[in-house]
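Please treat every number below as a calculation from the coordinates, not as lab data. Bear in mind the structure is a predicted one, so any value in this text is a computation, not a measurement. Please note: Cβ atoms are built from the backbone with ideal geometry, for glycine as well, and neighbour counts cover all protein chains shown.
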Ligand SMILES: Nc1ncnc2c1ncn2[C@@H]1O[C@H](COP(=O)(O)OP(=O)(O)O)[C@@H](O)[C@H]1O
Ligand SMILES: Nc1ncnc2c1ncn2[C@@H]1O[C@H](COP(=O)(O)OP(=O)(O)O)[C@@H](O)[C@H]1O
Ligand code: SF4
Ligand SMILES: [Mg+2]
Ligand SMILES: [Mg+2]
């Protein structure tokens with residue numbers, strides 16, 4: 001097996017300053033928000049890599065940089081050995097890009113309400129001038145809908161069916177990697193099960209690689225081959241699901257796992273986690289988690305921990321063991 | 001037996017639409033006792049919010065209560081209108097919604113909102129109200145409550161705002177709190193904080209809580225009893241432990257089985273085929289029969305299945321050995 | 001296996017839509033739509049309906065001048081439905097032909113304003129930055145002046161540039177330009193607003209990701225979703241444009257007497273009001289009122305029907 005995607009030092013900074021005039025009048029400086037900070041990971045071919053984290057931890061930003069909707073401020077994304085940031089040959093970049101597709105969270109906003117399902121599904125192919133005869137009908141059946149649904153409009157479908165249409169669209173250009181940004185967060189559990197099963201089936205059938213972005217730990221555990229935990233734009237821990245859920249090493253991962261509601265935890269009385277996610281415009285010094293960390297020491301406040309191997313995991317923590 | 005704080009009997013809500021009258025809530029009955037958290041769970045569109053809004057008289061026209069009774073502390077409240085209903089809200093029923101911003105006035109400081117609510121409903125002085133407001137904010141875990149009481153809602157984070165809303169809902173010491181998806185917009189770590197806060201306050205003060213959510217995990221952690229709703233009707237009602245460990249209604253069972261669980265490993269998830277029927281195309285008989293693996297002719301016939309044995313509205317409740 | 005299924009046609013979908021349902025049940029919409037249709041059709045088919053061609057000097061008889069409605073002329077014995085003017089032109093016919101001019105100018109000006117406004121609105125909403133700042137500041141400045149003033153200004157400037165011998169010929173086009181330019185701001189604003197909302201939706205991200213050009217995204221994806229408010233504004237603007245044209249023509253800076261619009265007719269008619277020939281003013285004025293009012297009512301109804309939240 002080889003790494004299909006390699007991400008190195010990925011960083012994205014947003015300029016969140018007020019307009020020029022307001023800054024001058026109110027005497028403020030420019031403000032920058034580091035949404036993603038120095039993130040490294042690799043995705044093996046035909047596996048599912050999951051990024052988990054709470055909202056604002058930079059998951060979607062990473063996904064968007066991977067598919068080319070955003071440019072990184074720093075760092076590299078390498079797909080099949082092609083460095084998308086430095087490669088000079090535009091054709092090679094286009095070829096790599098067409099191998100990556102994305103599924104979005106909101107099944108209502110991600111389909112153009114004025115387009116017929118057929119046109120929505122074949123757009124990735126039609127835009128490149130490819131042949132689209134019967135393609136939509138074939139894909140619709142592959143995702144468990146009817147060929148006759150091709151002539152309908154999105155509003156005629158339920159949330160789960162819309163997400164299937166999104167999946168069909170993402171498959172149209174025969175991609176190898178699909179970035180799934182919270183694909184089931186807007187769906188009910190029974191529908192979520194249908195969509196997750198479909199995703200697994202398609203992965204086996206087409207040999208797909210997934211980057212699964214979600215905040216839902218149960219979904220991650222079910223789907224992922226490898227998990228990266230994000231906190232405030234930084235990767236804090238990486239491991240396979242067994243290791244991560246059984247022996248979480250990073251204090252943040254431990255906190256997250258204990259906070260997640262469990263179906264077998266009737267009347268569980270555990271002390272809830274302390275504090276809240278800090279302001280990303282002005283993140284804490286050193287380890288970003290130190291203000292909430294039960295074991296933090298002086299070194300945590302001073303130095304940002306580097307990712308290091310610890311047993312079967314990788315952890316960015318000075319003290320984890 | 002003591003009378004329950006809230007008692008809903010055969011509640012139905014109707015909405016006249018272009019395609020005919022629909023019933024988003026259809027013959028629902030449940031009680032919430034003192035100091036008890038009743039979880040109301042179901043997929044979106046099951047009528048959970050509609051039932052909650054009916055209790056506080058907040059149905060938007062043309063939706064209206066078309067049948068049944070609602071009793072609060074032994075007093076029938078569904079016929080109440082206008083001013084009477086408004087006084088009841090806030091004084092005897094507190095409300096917490098999914099989006100804290102809808103319950104807070106962006107133009108008033110949170111202190112003003114808390115004291116106003118208390119002054120309207122409690123016989124206390126303004127000074128006393130302010131002291132109580134600070135105490136209430138401290139109680140819901142807002143650090144530096146005395147300084148932050150004069151802040152505006154937008155100066156708080158999402159989790160802190162929801163705490164303020166809880167303080168606001170509880171400040172007039174209501175006997176019932178309706179919390180409609182109070183943690184759905186929040187992150188897991190904040191959700192855990194809010195749930196543990198709700199549980200603590202409810203048990204300390206003996207407030208009855210109707211906790212509406214679509215998340216079985218939240219129900220398991222927070223609720224004492226649970227009402228499972230499907231297509232506007234009650235599917236199953238019982239203690240959390242009973243309903244979640246040995247579900248009797250095939251829908252509850254399907255819902256539980258389709259949640260990814262650690263113990264299942266990575267095998268395929270159980271699927272409930274199809275989707276919840278649209279209100280305009282409600283099937284005859286049991287609303288779940290088109291998706292039910294156990295459905296027989298009796299289920300498809302017109303009369304609804306009874307809530308047999310006080311648990312599941314099903315003609316053929318599942319036996320414990322059918323539930324692995 | 002792929003089975004050919006017939007998709008529901010546009011017309012079929014329209015007949016089943018909530019929009020059409022609401023239309024059928026609104027008396028205001030039905031009546032104003034009927035009036036608009038009646039007026040537009042009679043303007044379009046004026047040559048077939050009008051008893052005379054008022055601009056064909058051969059068919060005019062000065063002796064018919066000042067005939068009151070439905071009374072035989074003292075000299076010729078001819079009767080006219082709505083009477084005649086000083087030249088002996090049949091008022092009914094001049095109204096039909098005048099309405100043609102009014103409607104043509106109104107529709108053309110609104111189309112012009114609409115295209116301009118849509119393009120500028122899409123561009124400023126989608127690209128933002130300096131493009132947006134410049135376009136929207138120009139719009140703000142223009143909004144501070146009454147649009148009739150802007151139209152008069154543009155009309156004067158444009159007329160100054162037209163060679164004298166073409167002035168009458170070009171007058172209609174200059175009028176269209178002037179009214180159109182005074183009216184694009186509303187379109188641009190509403191399209192920009194819709195673009196700002198739509199461009200952040202995920203279907204636009206999906207289109208960007210597969211490498212569609214900004215123009216393809218603006219025209220094919222965003223514009224169809226911004227059309228409802230544009231339709232509302234276009235209808236209301238049409239009423240205003242017809243009034244604006246009439247105002248300009250009434251002031252004598254609009255349609256020339258060789259191609260009179262309703263406004264020109266009203267200007268001509270007001271000279272005779274106090275000498276007792278009221279019908280020369282009255283009927284064109286009523287027609288203008290009926291046209292503008294029914295179009296405006298239709299526009300108001302459209303706004304309510306297409307955007308229930310605005311009510
Ligand atoms: N276009 C943008 N401009 C400014 N800030 C942004 C932008 N997009 C995202 N952010 C900020 O970056 C951080 C990470 O956002 P996101 O990647 O969407 O997080 P997640 O998907 O994990 O919830 C957040 O603090 C968010 O406010
Ligand atoms: N004005 C309305 N007209 C028709 N149906 C409505 C209207 N408002 C709500 N509904 C329907 O009522 C049902 C119950 O909604 P709700 O109580 O909000 O569900 P839940 O809170 O369980 O997600 C939904 O199926 C919804 O589509
Ligand atoms: S009544 Fe019949 S259809 Fe309904 S849940 Fe029970 S077994 Fe299934
Ligand atoms: Mg996100
Ligand atoms: Mg709800």
Residues A:34, C:133, sorted so that the one with the fewest Cβ neighbours within 10 Å comes first: C:133, A:34
Give me Rg over Rh for chain C, both radii from the alpha carbons and Rh done the Kirkwood way, two decimal places. 1.06
Given a Förster distance of 45 Å, the FRET efficiency implied by the Cβ-Cβ spacing of residue C:107 and residue C:78, rounded to the nearest 0.05, works out to 0.85
How much of the DSSP bridge set in chain A is antiparallel, in percent, rounded to the nearest 5? 60 percent
May I ask for the angle, rounded to the nearest 10°, between helix C:167-181 and the longest principal axis of chain C, with both axes built from Cα atoms and the value confined to 0 to 90°? 40 degrees
Please find the FRET efficiency linking residue A:321 to residue A:126, where r is the Cβ-Cβ separation and R0 is fixed at 60 Å, and quote it to the nearest 0.05. 0.60
Peptide A:215-222 - average C-beta neighbours from other chains (10 Å radius): 4
Taking the radius of gyration and the Kirkwood hydrodynamic radius from Cα positions alone, what is the Rg/Rh ratio for region C:157-311, to two decimal places? 1.14
Starting from 0 in steps of 20 Å, tell me what percent of the Cα-Cα pairs of the protein assembly as shown lands in each bin. 11, 34, 33, 16, 5, 0
Enter the angle in degrees (range 0 to 90, nearest 10) between the Cα long axis of helix A:189-206 and the first principal axis of the Cα atoms of chain A, meaning the one along which they spread out most. 70 degrees
Rounded, prolate or oblate: which fits region A:233-321 when a ≥ b ≥ c are the square roots of the eigenvalues of the alpha-carbon gyration tensor, with rounded for a/c under 1.5 and prolate only if a/b beats b/c? oblate
Working from Cα positions, state the angle (0 to 90°, nearest 10) between the long axis of helix B:110-121 and the longest principal axis of chain B. 80 degrees
Starting with the fewest neighbours, write out C:62, C:96 ranked by other beta-carbon atoms found within 10 Å of each beta-carbon. C:62, C:96
Two-site label geometry, residue C:167 and residue B:29: point separation in nm, points 7 Å out along Cα→Cβ: 9.0 nm
Take residue C:133 and residue C:213, extend 7 Å from each Cα along the Cα→Cβ direction, and tell me the distance between the two endpoints in nm. 2.8 nm
Taking 0.36 nm per intervening residue step and subtracting the Cα-Cα distance, what contour gain separates residue B:73 from residue B:261 on full extension? 63.7 nm
What value in Å³ per residue do you get for the convex hull of the alpha-carbon atoms in region C:14-129? 175 Å³
Assertion target for B:97, C:145, ordered by fewest C-beta neighbours within 10 angstrom first, is C:145, B:97
If I model a spin label at residue B:126 and residue A:8 as a point 7 Å from the Cα along the Cα→Cβ vector, what separation in nanometres do I get? 6.8 nm
Overall Cα dimensions of region C:70-127 - principal axes, largest extent first, Å: 70, 17, 9
For chain B, compute Rh as the Kirkwood radius over C-alpha pairs and then the Stokes-Einstein diffusion coefficient at 4 °C and 1.567 mPa s; write the answer in µm²/s, rounded to an integer. 62 µm²/s
Quick check: residue separation of residue A:133 and residue A:246 times 0.36 nm, minus the Cα distance between them. What number comes out in nm? 35.7 nm
Can you work out the FRET efficiency for the pair residue B:21 and residue C:31, with r the C-beta to C-beta distance and R0 = 41 Å, to the nearest 0.05? 0.85
Given 0.36 nm per residue, what is the gain on full extension from residue C:15 to residue C:251 after removing their alpha carbon distance, in nm? 80.5 nm
